[in-house]
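Q: Mind looking over this structure? Questions follow.
Laboratory data are not the source of any read-out in this text; all were calculated from the coordinates shown. Quantities reported herein were computed from a predicted structural model and do not represent experimental measurements. Neighbour counts are summed over all protein chains in view; Cβ atoms, including those assigned to glycine, are modelled from backbone coordinates with ideal geometry.
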Amino acid sequence: MKYYNKLLIIPLLFLFILPSNAYSAEELGIYENLDKFIPDNLEFTNEKGEKIILNKLIDKPTVINLVYYECPGLCSPLLEGVANVITKAKLDLGTEYQVFTISFDPEETSELARMKKETYSGLVKGKNVKDGWKYFTGDQANIDKLLNALGYKIKQEGQEYIHPAAIMIISPKGKITRYLHGTYFLPFDLKMAVVEAMDGRSGPTINKILQYCFSYDPEGKKYVLNFTKISGTMIILLALGLFTGLVLKNRKRKTQKAA
């Protein structure tokens, strides 16, 4: 018994020397709510200044990307990535699917949304961005409801926000069917996500491991490799492996003695 107690101390020591953020949960990020539905009473304002009920506009597969229009960092490459995949995807924007860009900053106006639409629509070639790519703003209550439904967690620091980068695909009935993470999206991935959404089928996120290994650096305005989290995980695995090896070795020794 004393021998086993000593063995138990080994992995515990490794756990204690780990930085706390190596294994603690982080609220900031995306917590996927696949197969759940967005609320049917969300009111937002489009780039024309018109009040709309978001769910009433979702009559086809819909891509939602969350930004704030005065973002100095991550939102620009995200919107550029959306414009790029709209151009390259073999899908008819406005007919087969549509894109909603929604600001999570309640202080932003529909005029600002209109200006952003003009900017990023200019990056799209050969697609109906006028009717197919819509921009919205909203008040805090409706923004919070949408973020909670999508599992999208942000943090405000001064006048800026720390937030993840992803697009979410919604079925014509308002069901969340796919998350595509990052700022660059493959046309094939978008097409498959739209086809699945049309049928109401959800798809797993293949690159969740990338979410775990990378964290957003608010100062550098980019995603960086999270060495602390990765090294912490490796230490835990090594400790458990060492513990298992010692236990098996001890059992083998006892078996040999008994023989």
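Q: Antiparallel versus total DSSP beta bridges in the range 33-204: what percent is that, nearest 5? Please report the intermediate quantities before stating the final value.
A: Details: 18 of 29 bridges.
Bridges in the range 33-204 that DSSP calls antiparallel: roughly 60 percent.
Q: Taking the number of other C-beta atoms within 10 Å as the exposure measure, put Tyr120, Tyr31 in order starting with the fewest.
A: Fewest-to-most Cβ neighbours within 10 Å comes out as Tyr31, Tyr120.
Q: Rounded to whole Å and ordered largest first, report the semi-axes of the equivalent ellipsoid of the range 42-82 derived from its Cα gyration tensor (root of 5λ).
A: That gives 23, 14, 7 Å for the three semi-axes.
Q: About the Cα centre of the range 33-204, how large is the charge dipole given +1 on each Lys and Arg Cβ and -1 on each Asp and Glu Cβ? Please answer in debye to the nearest 20. If you can, show how the numbers build up before the last one.
A: Values: 22 positive and 23 negative charges, 129 e Å.
Result for the range 33-204 is approximately 620 debye, rounded to the nearest 20.
Q: Provide the gained length on full extension for the span Leu238 to Lys90, in nm with one decimal, where the gain is 0.36 nm per separating residue minus the Cα-Cα distance.
A: Additional length available on full extension: 48.6 nm.
Q: Moving on to the next point. Taking all pairs of distinct Cα atoms, average 1/r, flip it, and tell me the Kirkwood hydrodynamic radius of the range 33-204 in Å to one decimal place.
A: Working: mean 1/r = 0.0635 Å⁻¹.
Result for the range 33-204 stands at 15.7 Å.
Q: Under the 0.36 nm per residue contour assumption, what length would be gained going from the current alpha-carbon distance of Asp144 and Lys36 to full extension?
A: Gain on stretching Asp144 to Lys36: 37.3 nm.
Q: Each label point is 7 Å from the Cα along the Cα-to-Cβ direction; what then is the distance between the points at Met198 and Asp59, in nm?
A: In this crude spin-label approximation the distance works out to 1.7 nm.
Q: Report the full-extension gain for the segment Glu111 to Leu186: residue separation times 0.36 nm, less the Cα-Cα distance, to one decimal in nm.
A: Length gained, Glu111 through Leu186: 23.9 nm.
Q: Another question, if that's okay. At a threshold of 8 angstrom on Cα-Cα distance, excluding pairs fewer than six apart, so keeping six or more, what relative contact order does the range 33-204 reach in percent?
A: Value for the range 33-204: 33 percent.
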